[in-house]
């Protein structure tokens, strides 16, 4: 199954099918047929919502949707965390609504990062039902024009500062979750691999046709620090052809520290991998940025071992990692360091302990904005502030 997933991903991001192996090309007719069925199902679902057959649920608080048009590696979870922290700093208790896909690695990571704060995390496929349960438990508060008391925004916010009551909802991976109304639609774009072959799943990486960008209020090009300036301009032009007025922001992942597997509370300086042999192991949507980050930190040599997004490591994978680590140890005559992402760690922290006595580190990073003309961090925060006001 893992080999099939890799093959499908390779096909999705190759423009010229002639460059593919014979085995990969043999899969294209089946993937193309499945992609056609997916398009029909997508169109029918759109029709059901437009016609009112399927209804949309409106929450009593503002809803910020963070989503994407392609699979994995778009920076949705770091953006959700950024928004949650900003709202908490403003005295607003946010509710994060996430599906908890594939073991809920993102939800686990968010809980660890947001622990001790007012943010709440609701996990479940039916986001509306999950939200209703949290509203019943904690209550909610409405600021600005939605408030039935019609108090001034500042007066209302001061009276509920530090309250457990929920003041906003953040819809994680929400762009295709049409059953819930949203007040701000943020679409995340992986700058390193924006659209692939422009085909719908499973022949390509698109979950919807690019025309869906017309629904977005904000676009964010993630991993912009690893993308050439001309490529960034090309990405912007393609999006502006669909929606000319679309504000486009740039973000990156800024490494902060490592922690050793088994001891998340002790921060290890980023210089720990300098002049070392490193094996990057990941099961994420965009591993290239992760590997490039290790190289930038001054590692002597960086090897990589990759699995499909959300893959749960098994004992066979651990043996594969051990074999690669021993090969690196023999080649460079020193003990290599294995580095994983936080998401990989949170998926199953215990299994990585089986790599002892090799050192296993998890890289911690946080989302940062890169100024793009007037579209900077302050501009983005102002959009959020206006939404709740």
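The values are calculated or read from the model by the stated rules, or taken from the named source; none is laboratory data. Since the model is a prediction, treat every value here as computed from it, not as a measurement. Positions of Cβ are backbone-derived with ideal geometry, glycine not excepted, and every protein chain shown enters the neighbour counts.
A few remarks follow.
- Enumeration of residues in region 1-22 that are surrounded by 11 or more Cβ atoms within 10 Å (Cβ to Cβ) and part of a helix (DSSP H, G or I): 2, 5, 6, 7, 8, 9, 10, 11, 12, 17
- From the list 328, 305, the lone residue that is in contact with a strand residue (DSSP E or B) (Cβ under 6 Å, 6 or more places away or on another chain), part of a strand (DSSP E or B) and not assigned by TED's automatic domain parsing to the domain that holds residue 73 is 305.
- Across region 205-226, the qualifying residues are those that are in a loop (DSSP other than H, G, I, E, B), buried (at least 22 other Cβ atoms within 10 Å of the Cβ) and on the phi < 0 side of the Ramachandran plot, and the one among them that is farthest from the chain's Cα centre (by Cα) is 216.
- Here residue 346 meets each of (1) assigned to a helix (DSSP H, G or I); (2) loosely packed, with under 14 Cβ neighbours inside 10 Å with one exception, condition (2).
- Among the residues of region 167-183, the ones that are part of a strand (DSSP E or B) and farther than 21 Å from residue 106 by Cα come to 1 in all.
- Residue count for region 355-388 under the criterion of being surrounded by 15 or more Cβ atoms within 10 Å (Cβ to Cβ) and over 22 Å from residue 255 (Cβ atoms): the result is 7.
- Of all residues making up region 122-139, the number that are loosely packed, with under 13 Cβ neighbours inside 10 Å and closer than 18 Å to residue 106 by Cβ: 1
- Of all positions in region 356-375, none carries a residue that is in a helix (DSSP H, G or I), in contact (Cβ under 8 Å) with a residue 40 or more places away in the chain and within 23 Å of the chain's Cα centre (by Cα).
- If you go through region 186-204 and keep only what is assigned to a strand (DSSP E or B) and over 15 Å from the mean Cα position of the chain (by Cα), you end up with just 200.
- When 54, 38 are checked against the criterion of being touching a residue at least 12 places away in the same chain (Cβ under 8 Å) and not in a helix (DSSP H, G or I), a single residue qualifies: 54.
- Residue match in region 104-115 (condition: on the phi > 0 side of the Ramachandran plot, in contact with a strand residue (DSSP E or B) (Cβ under 8 Å, 6 or more places away or on another chain), crowded, with 18+ Cβ neighbours inside 10 Å and not in a helix (DSSP H, G or I)): yes
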